[in-house]
Each structure stands twice: as structure tokens, then as C-alpha cells.
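Here the structure is laid out as C-alpha cells; the discussion comes afterwards.
Laboratory data are not the source of any read-out in this text; all were calculated from the coordinates shown. Just so we're clear, the structure is a prediction, and the values are computed from it rather than from any experiment. When we count neighbours, we look across all protein chains shown, and the Cβ atoms used for this are built from the backbone with ideal geometry, even at glycine.
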Amino acid sequence: MREQVRIGLIGTSDWADGFHLPAVASHESGGVVAICGRDRQRAEALAEKHGVPGVYTDYRAMIDQAPLDAVIVATPEDLHHPMTMAALEAGKHVLCEKPMAFSTAESQEMLDAAEAAGVKHMIQFTNRGLPHYRFVKQLLDDGYVGEPYQAYFSWPTGWFPDSDIAGHRWAFDARRAKGAASELGAHMIDLARWFLGDVVRVSATLRNFVEMLDEDGTPMENANDSAYLLLDFVGGAHGAVHVGSPNITGDDLHHSGQVVVISGSDGTLEARCDPWTDPGVSEIRGLRRGASGAATLTIPDTYLDGADPDDMFEVFMSQSIGPRLFIDAIIHDLAVSPSFSDGHAVQRIIDAAVASNLTGTAQVL
């Protein structure tokens, strides 16, 4: 058993600052010992803020020189493959941000390399750790809706045109990412798989409504900012996923935030989740066959474990989920979920959606 898991973090975004670094620091056996970013000044500022001793601008140098057991890759999706492969070749455990890669070919190579290396591998699908969705998963597993028939997964972010998403501009650059289908879709597609099982067929239509500009103000090759996917699941259910950025949203609109509706032979669940607002939104309602009306379902305290229900991200600083689960898995040789296998499955669906949009035909997986 290892006393401390020494982690190198690649990426200096606000998410690295506000999520990964605090989550690792909250674990008594975890520690970020090196951080890498292309902007050395930014990397040094984060290192000083979080007490990280090593600072690098070359991830290969960090992997080769820093005393690391594991690497967290928290960079844009087009960089996930080379960074993850370098870490795996050095025998490091890897936690990679979603989406797993830029293509299915890349995600397959990453999965194969991780399995061959015999290391722990994990994808940061954040929704799986939120108490809201863990309770929905329990309700489904306990048969609340019976046999699932149909489902709807929606996430209109409202990023365009009113919000400043300069730090996320890369996600809508077709040279680097697959737009809303991957940046937002990865989260909702993973939820769909987690709740309803593997996807066997994908039909999709992707659109770009708002022109994005490069950092220098010149036009760039815009990826989709709105995506609709129709999914057929292995168990026979079918569902729709909608993700988009050019939306007018607000806390007093029912469609804002993440909305999930699942109906089946015995009931329906409606769930709305938006942990990014202040206070966060968590609404779950259900209607069982034969009931006189729908009921509001309260998340059990076992999922919150003392966390503020208005700030569901608190659980990532105390429970064995996200980066803390990654550390626990390394120390105690535990199975990891979601793994690279889950990330690869989601990547296949994203790429199938792109292919469906280009060809106008459904893609069988």
C-alpha cells in the first residue's frame, strides 16, 4: 500500500484550479507534486496558490523528471491522446478529462495502452459523482420506471451569445474539437449509457448558429454549437440527447440546466440539475403507475454525507468519487468507473453522430 499518490497535473484552466487541485488536496493520501501549463506565469501562480513544488511547461519533461505515480490530463480534447499516451508509456496511472479524445481511433489506442500497461485509468465524467444523478441511478436500478421505454437528456447552456466563454473557445474550433456534441454531449451521452445501457444505433443532426472568432478576432472554423442525437439502446429503449450553447436560459425557466426525463412500463422520472448556479438546482419528481399524482423525491442524506444540498460539488472534496476515487483505486487496487472503456464508448457515439450528420444516415455501432 502506498502512503501517498504523487500526481502530476497537466492543465491550468479554472477547472484545474477550482476542481482537480482542491479535490486531490482533500485526500489524505493524494498530492499534486507537479503542474504543467504552456503559460509558465499561470502555472507558477497556481503552484504557489496550491502549494505545488514542481512547475513545467513541457508535459513530457514533467512525466520524465517529476517523481510521479499518476497523471491528470485536464486540457483541450485534441491534446488528450498525446499526453495520455506519454503518461501510459511511462507506466503512470491516468485520469483524463472528458471527452476522452478527438477521435475513436485515438480513444481506442488510449484504452489499449492503458490495459496493456496494467494501470488505473479513469475519465472525469463529473455527473456520475453528483448526488442528484446517483440517486436517479438508484431509482432506476430499483425499478422505479420499470422497463425503460423512452428518455430525453437536455443541456442548453446559454453560453452564446450573452456569456463570455473565452476560456472555452477551443471547444468550438473544428480544428481542435467536435463542438457541443463533444464538449457538452460527452456528459449527457455518458449519463444516457449509465442509466440505460449501451447504445447500438445513432442518428444525429448538428448545427452551428453563432459564429465564433479566434483569440485575435479573426473567423475560425466553427464546430457545431447545437446537437440533437437519437439513440437506440441495447435493451430496446430509445432516447434523445440535445445539447446546445446558443440558448436563452434562466433559473426561472424549466428547461434550463440539465434536464432528464425517463419513462417506462411502471413510471416516469423527471430530473432537473444545475449545480453551477448559486444556489444549485436539484429537482427530482416521479410518477408511478396507479399513483394519484407525481411526488417530489428528496435525495437521501447518504448521498450528501454532510454536503450542502445547494452546493453538490462539495461531495468531491469528501467522498470517494472523481479524483478521490482515482486515488483510492491506486492505493487499494480498486476497480475504477467510469474508466477508459466508458470514455471510448462515448467517443464512438460522438463520432457516430458526426458521421450521421454528414451522411444523413443512422450509424450502427
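Overview of results
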| item | result |
| --- | --- |
| Ranked list, fewest to most other Cβ atoms within 10 Å of each Cβ, for C36, C273 | C273, C36 |
| On Cα atoms only, tilt of 40-50 relative to the major axis of the chain in degrees | 80 degrees |
| For the chain, calculated [θ]222 nm from helices alone, where every DSSP H run of n ≥ 4 adds -39500 (n - 2.57) | -8500 deg cm²/dmol |
| Over segment 17-120: Kirkwood hydrodynamic radius from C-alpha pairwise inverse distances, Å | 14.1 Å |
| Mean separation of Cα contacts under 8 Å (6+ apart) over length of segment 1-121, as relative contact order % | 23 percent |
| Compactness index (Cα Rg / 2.2 N^0.38 Å), segment 211-295 | 1.49 |
| Translational diffusion coefficient (Stokes-Einstein; Kirkwood radius from C-alpha pairs) of segment 162-225 at 20 °C, 1.002 mPa s, in µm²/s | 164 µm²/s |
| Largest-first principal axis extents, alpha carbons of segment 281-365, Å | 49, 49, 23 |
| Calculated from backbone phi, Karplus (6.51, -1.76, 1.60) coupling profile of segment 315-321 in Hz, x at Gly/Pro | 5, 6, 9, 9, 9, 7, 9 |
| For S265, net neighbour charge (Lys/Arg +1, Asp/Glu -1) across residues whose Cβ lies under 9 Å away | -1 |
| Fraction of the pair-distance distribution of segment 255-308 above 16 Å, Cα-Cα pairs, percent | 53 percent |
| Placed amide H near V281: partners under 5 Å, 5+ positions off or other chain | D274, W276 |
| Exposed-site-free run, longest, the chain (rule: chymotrypsin sites (Phe, Trp or Tyr not before Pro); DSSP loop; at most 14 other C-beta within 10 Å) | 1-208 |
| Karplus (6.51, -1.76, 1.60) ³J(HN,Hα), θ = phi - 60°, over segment 287-301, in Hz, Gly and Pro reported as x | 9, 9, 4, x, 6, 6, x, 6, 10, 7, 9, 9, 4, x, 4 |
| Amide H within-cut-off set for V32, under 5 Å, with H built and near neighbours excluded | I7 |
| In Hz, Karplus ³J(HN,Hα) per residue of segment 32-39 (6.51, -1.76, 1.60; θ = phi - 60°; x = Gly, Pro) | 7, 9, 8, 10, 10, x, 5, 9 |
| For segment 302-365 versus segment 82-103, the gap between their alpha-carbon centres in whole angstrom | 15 Å |
| Long-range HN-HN contacts of L297 with modeled amide H, under 5 Å | I284, R285, G286 |
